[in-house]
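The block underneath contains the structure these notes are about, expressed in structure tokens.
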There are 2 protein chains.
Amino acid sequence: MLYMIGLGLGDEKDITVRGLEAVQKSQKVFIEAYTSLLSFGLSSNGLSTLEKLYGKSITVADREMVEEKADDILLEATSSDVAFLVVGDPFGATTHTDLVVRAKKLGVDVKVVHNASVMNAIGVCGLQLYRYGETVSLPFFTDTWRPDSFYEKIQRNRKLGLHTLCLLDIRVKEPSLESLCRGKKQYEPPRFMAINVAIEQLLEVEQMRGENAYNEDTTCVGFARLGSEDQLVVAGSMKQLLEVDFGPPLHCLVIVGDTHPVEEEMLDFYKLVKDRGQAS
Amino acid sequence: MLYMIGLGLGDEKDITVRGLEAVQKSQKVFIEAYTSLLSFGLSSNGLSTLEKLYGKSITVADREMVEEKADDILLEATSSDVAFLVVGDPFGATTHTDLVVRAKKLGVDVKVVHNASVMNAIGVCGLQLYRYGETVSLPFFTDTWRPDSFYEKIQRNRKLGLHTLCLLDIRVKEPSLESLCRGKKQYEPPRFMAINVAIEQLLEVEQMRGENAYNEDTTCVGFARLGSEDQLVVAGSMKQLLEVDFGPPLHCLVIVGDTHPVEEEMLDFYKLVKDRGQAS
């Protein structure tokens, strides 16, 4: 049996009781490193915190390992219980669909233990989840690569009065230019797009396109470390949010569409004019 | 402190470890009855199962109680810890934003414990969550009331190649016609829209409107008891799904847009031609 277990968003205690039981009875436990590296502070002592609560030793499986050794992982799952831990929900923004497809093809039973992900936890700001349009991803711009296909999507959502969730770029384990040249495996330090950078890029694209899909007065909600004890949620215009220091990653951004009165009332609690205090 | 705690979708074990700890240290524990009535089988012995795992007695708070006695609940939360349990995520399809707004206005601290909800757990079928358009709600048609504003939304999503989540009507604690006449409080038995009824209504509206937003050959995914041990996920055309007995509620339906190869591969596992077996 392969258990795909969502860990939720905050820390080791956001696993469900069902998920914890599955981990405890598994012979092997893997954790995807893509976002977990950060969210659960695996670079420092996060892994041992997880291992202590779960009572198991955990193998960190980065993308390379999952791609290269998927068959080994799945072979083990044919004869014993294997747990694969994923930050958020197993089918959230970071998808693990591919591993599940391979498992199913090999006839390995798969059980999914769901959990919160960014896609539903953004509900905390009061904007109704059913009033969101298509989600967009904002990639880091480089000197030569400034893709802006998100612009039409945001424009469309806003014309319909819908909110837009912007997922911000995460660069983990990118091979360094030097390593590409020398054929040695070396990686760039991880990079996570901050809300200010996202807004700068958004406004740059608006200036280029000039179709007024949004502007610096458009209301947005910035989320940092969503679901953690020290999460920060601030609502304000793009211009206002540009000046806010949201602190450590992960960040995401919502561009607000038309609002209903209850949405408005809830947003008010997060607005800068009142109190920048922590949401909970 | 008011803890708004998501219970997830399946049973009492889908609460998170963080949520469980918050329940255990709370002086008073309420559970919203709106959908929980069903999902956790509160009509029979579900409540005692919850109470046993959580080690607390739980008060069922239906909508009436929450509306009429919100101030009492919140008053308690000013001086002690109160847990308010919600099926799914506290800000999922069924919203509790209003209670949170009232709490914040009274200066009561609110902590949210997130969990999986329908909005993200539908990811299990392999369709990527960021490729969904606006969510629609399908209400029960009556002889005189057949609202079809969902039609334009589905049409729009499909033109853009996006998937559409259809939330199906739930009628709980509707006052009976007799009770309205006599001024006594009596309620209709709860009703939950089944996938077949939803598809019948969808096709009826398509026939009326005739703009071919979708038709009986359009691929859909039906979900019953999503997140439970006995969940059933079946992909197929509307015509095919009309014939499937999805069993007890809750049901929801996804109308599939354009698909990527990985989405397609995953959907194949749920298609009728292969095996109607349970998803997990």
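Out of B:K25, B:K56, B:K69, report the one residue that is more than 30 Å from B:P248 (Cα to Cα), at pLDDT 90 or above and surrounded by fewer than 23 Cβ atoms within 10 Å (Cβ to Cβ). Checking each option against the conditions leaves just B:K25.
I need a count of the residues in the stretch B:1-19 that are at pLDDT 90 or above and surrounded by 22 or more Cβ atoms within 10 Å (Cβ to Cβ). Before you say what the answer is, go through the steps one by one.
Start the filter on the stretch B:1-19 by keeping residues that are at pLDDT 90 or above, which leaves B:1-9, B:13-19.
Still in the running and surrounded by 22 or more Cβ atoms within 10 Å (Cβ to Cβ): B:2-9, B:14-16, B:18-19.
Number satisfying all stated conditions: 13.
For the stretch A:112-133, how many residues are in a loop (DSSP other than H, G, I, E, B) and surrounded by fewer than 24 Cβ atoms within 10 Å (Cβ to Cβ)? Reasoning before the result, please.
So the first thing to find is which residues in the stretch A:112-133 are in a loop (DSSP other than H, G, I, E, B), and the list is A:114-117, A:126-128, A:133.
Now restrict to residues that are surrounded by fewer than 24 Cβ atoms within 10 Å (Cβ to Cβ): A:128.
So the answer is 1.
Restricting to the stretch A:121-130, give me the number of residues that are in contact (Cβ under 8 Å) with a residue 40 or more places away in the chain, farther than 23 Å from A:F192 by Cα and within 7 Å of chain B (Cβ to nearest Cβ). It would help to see each step written out before you state the result.
Narrowing the stretch A:121-130 to residues in contact (Cβ under 8 Å) with a residue 40 or more places away in the chain: A:121-122, A:124-128.
Those left that are additionally farther than 23 Å from A:F192 by Cα: A:126-128.
Filter once more, so that each one left must be within 7 Å of chain B (Cβ to nearest Cβ): A:126, A:128.
Within the stretch A:121-130, residues that are in contact (Cβ under 8 Å) with a residue 40 or more places away in the chain, farther than 23 Å from A:F192 by Cα and within 7 Å of chain B (Cβ to nearest Cβ) number 2.
Within the bounds of the stretch B:79-89, is there any residue that is at pLDDT below 95, under 26 Å from B:L53 (Cα atoms), part of a loop (DSSP other than H, G, I, E, B) and more than 7 Å from every other protein chain (Cβ to nearest Cβ)? Checking the stretch B:79-89: at least one residue is at pLDDT below 95, under 26 Å from B:L53 (Cα atoms), part of a loop (DSSP other than H, G, I, E, B) and more than 7 Å from every other protein chain (Cβ to nearest Cβ). Comparison of A:V112, A:V82 shows that the only residue that is out of contact with any Leu (no Cβ under 9 Å at 6 or more places or on another chain) and on the phi < 0 side of the Ramachandran plot is A:V112. Residues that are surrounded by 15 or more Cβ atoms within 10 Å (Cβ to Cβ) and over 24 Å from B:K159 (Cβ atoms) do not occur anywhere in the stretch B:210-217.
Within the stretch B:104-120, the residues that satisfy the criterion of being out of contact with any helix residue (DSSP H, G or I) (no Cβ under 7 Å at 6 or more places or on another chain) and more than 8 Å from chain A (Cβ to nearest Cβ) are B:K105, B:G107, B:V118.
Rundown of residues vs (1) under 30 Å from A:K13 (Cβ atoms); (2) touching an Asp or Glu at 6+ places or on another chain (Cβ under 9 Å); (3) in contact (Cβ under 8 Å) with a residue 40 or more places away in the chain, yes/no style:
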{"position": "B:L74", "(1), (2), (3)": "yes, no, yes"}
{"position": "B:A77", "(1), (2), (3)": "yes, yes, yes"}
{"position": "B:V82", "(1), (2), (3)": "yes, yes, yes"}
{"position": "B:P90", "(1), (2), (3)": "yes, no, yes"}
{"position": "B:T97", "(1), (2), (3)": "yes, yes, no"}
{"position": "B:K105", "(1), (2), (3)": "yes, yes, no"}
{"position": "B:V113", "(1), (2), (3)": "yes, yes, yes"}
{"position": "B:E134", "(1), (2), (3)": "no, yes, no"}
{"position": "B:S137", "(1), (2), (3)": "no, yes, no"}
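What's the number of the condition A:T259 fails, among (1) under 27 Å from A:Y130 (Cβ atoms); (2) out of contact with any Gly (no Cβ under 8 Å at 6 or more places or on another chain); (3) β-branched (V, I, T); (4) assigned to a helix (DSSP H, G or I)? A:T259 satisfies every listed condition except (4).
Scan the stretch B:221-235 and tell me whether some residue there is surrounded by fewer than 18 Cβ atoms within 10 Å (Cβ to Cβ), within 14 Å of chain A (Cβ to nearest Cβ), without any contact (Cβ under 8 Å) to a residue 60 or more places away in the chain and farther than 25 Å from B:P147 by Cβ. Yes, there is a match, as at least one residue in the stretch B:221-235 is surrounded by fewer than 18 Cβ atoms within 10 Å (Cβ to Cβ), within 14 Å of chain A (Cβ to nearest Cβ), without any contact (Cβ under 8 Å) to a residue 60 or more places away in the chain and farther than 25 Å from B:P147 by Cβ.
Taking the condition within 15 Å of A:Q128 (Cα to Cα), at the interface with chain A (Cβ under 7 Å from one of its Cβ atoms) and more than 18 Å from the chain's Cα centre (by Cα), does B:V101 pass? The answer is yes for B:V101. Scanning the stretch A:180-203 for residues that are in contact with a helix residue (DSSP H, G or I) (Cβ under 6 Å, 6 or more places away or on another chain), outside any loop (DSSP other than H, G, I, E, B) and without any contact (Cβ under 8 Å) to a residue 12 or more places away in the chain yields a count of 0.
The values are calculated or read from the model by the stated rules, or taken from the named source; none is laboratory data. All of these numbers come straight from a predicted model, not from anything done at the bench. Backbone-built Cβ (ideal geometry, glycine too); neighbour counts: all protein chains shown.
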